[in-house]
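Worksheet for the structure shown next.
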Amino acid sequence: MRKHNAMLIGLCLCLVRSPCAWANYLSNGSFETGHPGGWTNAVGWYSTEEWGGELIADADAFHGTNSIKINAFGTSSHILNQRWPLTGGQVYEVSGYMRTSTTNAFNPTNGYCTIVVQFYDRTGNKVARNCDTLHFVGNGPTSWTRYSTGPLLAPANAVTGRTILFYYRGVPPDETTNGEVFVDYVVATDSSPSQAGAVLNPDFEVQPVGNALTNIPYWTAFGNAGAVVEEQAHTGRFALMLWWTETLLGQSWDATSGMRYGTSAWVMTPTNDPMTGTNSHAVVLLQYLNSTGGVIVTYESDWVGPTNVSGGTWSNLVAEGIAPTGTVSGRTMLAILGQDDSFGGVVYFDDVSQYTLGGGTTTVCGVLENSGFEDGIKGNAYDLDASGQLPAWEWLGGTNAGFITDALDLGGWQSLAITYPENLAAQVFAPATGMQYVLSGYIYNPSTTAEVLRGEAYGTFVLEFRNGTDLVSSVTTEHFDTNSAHDTWVFFAVTNRAPWGDPGQGLTGRVLSAILGSGTNYGGALYFDQLCLTGSAAVVTNLQSGALWNPGFEYTARGTVLKYVDDWEALGLAGVVDGEVRRSGEHSLEIYYPETLAAQYWEAQPGYKYESAAWVYTPDGEGRLEGVSNLHAVVLLQYLDSTGGVLYTYESGWFTTNDAAGVWTQLVVRGVAPVGTVTGRTLVGLLGTNTGFGGAVYFDDAGQALVSTGGSVSG
């Protein structure tokens, strides 16, 4: 061994957190004060056995010129110690360098050398259990090696520490007659507890280690069937061992509402005492607590149980989740849960961590907030909405049919699961008039027996606009039904345009994630995620045919109900602008119940002959017009006086259930405006009784024209 240059020593020690940075509470830790001989010659150090060791002038000392040699043999254990003042509740660390020689190596059977630390109160009584470094055992290093206690949390009532250089004969005691261990540069310094995120003592290395669940530094016990042990560890020397159900160990840390946190731990059950039972499991819990200490929500990791883990294998269990409104603290919990009279074995926990994943701000896509259901906690959507924990969304459904879940997600950590038809989650937004919006999102259906979609119901996204409580327009995406792909996220999108102007009672937009349709033979669940709603300026020109504006209903957004069709007056409720059936352009007007008409007014002159026309259609197959003989689609031409009274009505030919389906038919009507006429009116609609009614008719490409400036009332 070489003798170290003092300057190099100072540099090296600074790099390993030495007294360059911390005060050394021990005196003569390098044994430079004292003359060679028995180890009691080291000033400041004490022993009842003068020759339990020796103070030697050591050319190969780690620091300076002297070191202590422990005579690590004989018929008794040997102790050299020094007491030093400390402050209760503070964290310290004691370390030293040790080696053996090649000529008289330490080769015990059961014995070992170590540095022990004890704590004492003002009366001189020992408080807490012994703390020590890793043991120096047989085949130990022959070069200087640092041995440390790691962090030491002084008990609150401690005032004195005692550092001991200790040879212990072991059990049963060794009867060796030779062997030596050298010790140098022993220091007691300020330190800090091990930490992972906000969790202190995550590796259970802080001493005094808890020999009971109730005295583990920085942790709080919920039960008593546990302790920190040295027999197993994921890393380091120690781990937590639990040996009975409904036993938990927890640690709280500051948390902020809206932030997303995670916590984890390594867990193992050994092969020689494996976990057994039928209803028990080891788990890591992430809990959020309010100002009174009440638990608001709990997130669970995967479970480790008797049937799903190999003995002797460490598994990393992770729990993550968002801190809900009202959160003031988070809590990491290590637990064996589940009432189980047949439980047996033990479980070890080690290397706990805690971390911040982000959050604190609302996730947004376009104009939608919480678009991936990430901003709130998981749970029953009905309950979350009632408690204000469903950010930006409103649950419009039953008490047990929707859930924010972390079971499945697309690029985030949560999604919305809906489990029964006619249940919806809604978000309201403030639209700009005339703006065109695109709604998109993803739907997922697992192929598992319990969740695969069955029946006639379907999943969809809905984009609608409202005037106060009145529906203005509503469109849906394509449907996710029993024919859709399983086990993959399926993309859907739909476009709709806000009305050109505010209808007068407060224009709002609304997005819905929904399962709609019949509950007959229904089964399964659908997951909704990653919605987005973006807007762009719409470029649409309002066309004119004669005196009629918006004759092909192109100026009105698809899905607009009859009451809000631009330029037309609703006479009835059963109409909507359709985008699936059309003669030209992109839209038509669907009328789906009798005694429903749409009207438009224009100036007329008495004695002039005018024409009104429109094309009409009914599908061939599903949706075909059905009913009695007087049920008919028609175009009406009416003339009105100055009071709005109808002077005369002309009818086109009728389109009835006997007319050809699947083709467009033009209806035309002409007539002369009688004396007193001020206004003309073009009407398209469906008239007749509703007996046996079914299906719908569609109108498109309406028109109006002046035929002649003279004629008779009969036309």
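Taken together, the values in this text are just the output of simple stated rules run on the coordinates, not laboratory data. All of these numbers come straight from a predicted model, not from anything done at the bench. Here Cβ is always computed from backbone atoms with ideal geometry, including for glycine, and neighbour counts include all displayed protein chains.
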Just order 498-508, 34-44 by mean Cβ neighbour count inside 10 Å, highest at the front, would you?
34-44, 498-508
With each label point set 7 Å from Cα along the Cα-Cβ vector, what nm distance links residue 244 and residue 361?
5.0 nm
Considering the Cα trace of the stretch 407-556, what is its radius of gyration and what is Dmax, both in angstroms?
17.7, 60
Dipole magnitude of the chain about its Cα centre, charges +1 at Lys/Arg Cβ and -1 at Asp/Glu Cβ only, in debye to the nearest 20?
1680 debye
Per-pair calculated FRET efficiency, R0 = 41 Å: residue 660 and residue 569 via Cβ, rounded to 0.05
0.85
The stretch 639-649 - phi-based ³J(HN,Hα) in whole Hz, Karplus 6.51/-1.76/1.60, Gly and Pro as x
10, 10, 8, 5, 8, x, x, 7, 8, 7, 10
Would you compute, from DSSP H runs of 4+ residues alone, the mean residue ellipticity of the chain at 222 nm, taking -39500 (n - 2.57) per run and dividing by the full residue count, rounded to the nearest 500?
-500 deg cm²/dmol
Tell me, what is the percent relative contact order of the chain, built from C-alpha pairs under 8 Å that lie six or more residues apart?
8 percent
Putting +1 on Lys and Arg Cβ atoms and -1 on Asp and Glu Cβ atoms, find which of 159, 102, 65 reaches farthest to the positive end of the dipole of the stretch 6-190.
159
Taking the Cα centre of the stretch 195-359 as origin and charging only Cβ (+1 Lys, Arg; -1 Asp, Glu), how large is the dipole, in debye to the nearest 20?
360 debye
Which whole-number percentage describes the relative contact order of the stretch 195-359, with Cα contacts under 8 Å and a sequence gap of 6 or more?
33 percent
Hey, what's the Cα Rg ratio for the stretch 278-360 versus the globular rule of thumb, 2.2 N^0.38 Å?
1.24
The size of the Cβ-based charge dipole (Lys, Arg +1; Asp, Glu -1) of the stretch 156-278 about the Cα centre, to the nearest 20 debye, is 340 debye
Most exposed first, judged by fewest Cβ atoms within 10 angstrom, 237, 169 run 237, 169
Round to a whole angstrom and tell me the spacing of the C-alpha centers of the stretch 246-315 and the stretch 163-200.
33 Å
Among 447, 426, 536, which residue has its Cα positioned farthest towards the positive end of the charge dipole of the stretch 364-537, with +1 placed on the Cβ of Lys and Arg, -1 on the Cβ of Asp and Glu, and the dipole taken about the Cα centre?
536
Normalise the Cα radius of gyration of the chain by 2.2 N^0.38 Å (N = residues in it) and let me know the number.
1.57
Taking a ≥ b ≥ c as the square roots of the Cα gyration tensor eigenvalues, with a/c under 1.5 meaning rounded and otherwise prolate when a/b beats b/c or oblate if not, the stretch 531-654 comes out oblate
Tell me, how many Å apart are the Cα centres for the stretch 502-566 and for the stretch 412-464?
16 Å
In the calculated pair distance distribution of the stretch 77-166, what percentage of Cα-Cα distances lie above 17 Å?
51 percent
Looking at the square roots a ≥ b ≥ c of the eigenvalues of the Cα gyration tensor of the stretch 449-501, which shape do they give, rounded for a/c under 1.5, prolate if a/b is larger than b/c, or oblate?
prolate
Shape call, the stretch 6-190: gyration tensor on alpha carbons, a/c limit 1.5
oblate
When the charge dipole of the stretch 544-701 is computed with +1 at the Cβ of Lys and Arg and -1 at the Cβ of Asp and Glu, the Cα pointing farthest to the positive end, of 608, 687, 548, is that of 608
Using a 10 Å cut-off around each Cβ, can you sort 56, 418 from fewest to most neighbouring Cβ atoms?
56, 418
What's log10 of I(q)/I(0) for the stretch 195-359 at q = 0.18 Å⁻¹, Debye sum over Cα points only, no solvent?
-1.06
Which values of log₁₀ I(q)/I(0), to two decimal places, follow from the Debye formula for the stretch 473-582 at q = 0.11, 0.13, 0.17 Å⁻¹ with a uniform point scatterer at every Cα?
-0.50, -0.67, -0.99
From the gyration tensor of the Cα coordinates in the stretch 345-391, what semi-axes in whole Å does the equivalent ellipsoid have, largest first, with each one equal to sqrt(5λ)?
31, 17, 8
For a footprinting-style exposure proxy, rank 288, 299 by other Cβ within 10 Å, fewest first.
299, 288
To the nearest 0.05, how large is the calculated FRET efficiency for residue 220 and residue 57 if R₀ is 45 Å and r is the Cβ-Cβ distance?
0.30
Counting other Cβ atoms within 10 Å of each Cβ, which trypsin sites (Lys or Arg not before Pro) in the stretch 100-138 have at most 13 and sit in a DSSP loop?
122
If you add up the charges near residue 280, with Lys and Arg at +1 and Asp and Glu at -1, over every other residue whose beta carbon is less than 13 angstrom from its beta carbon, what do you get?
-3
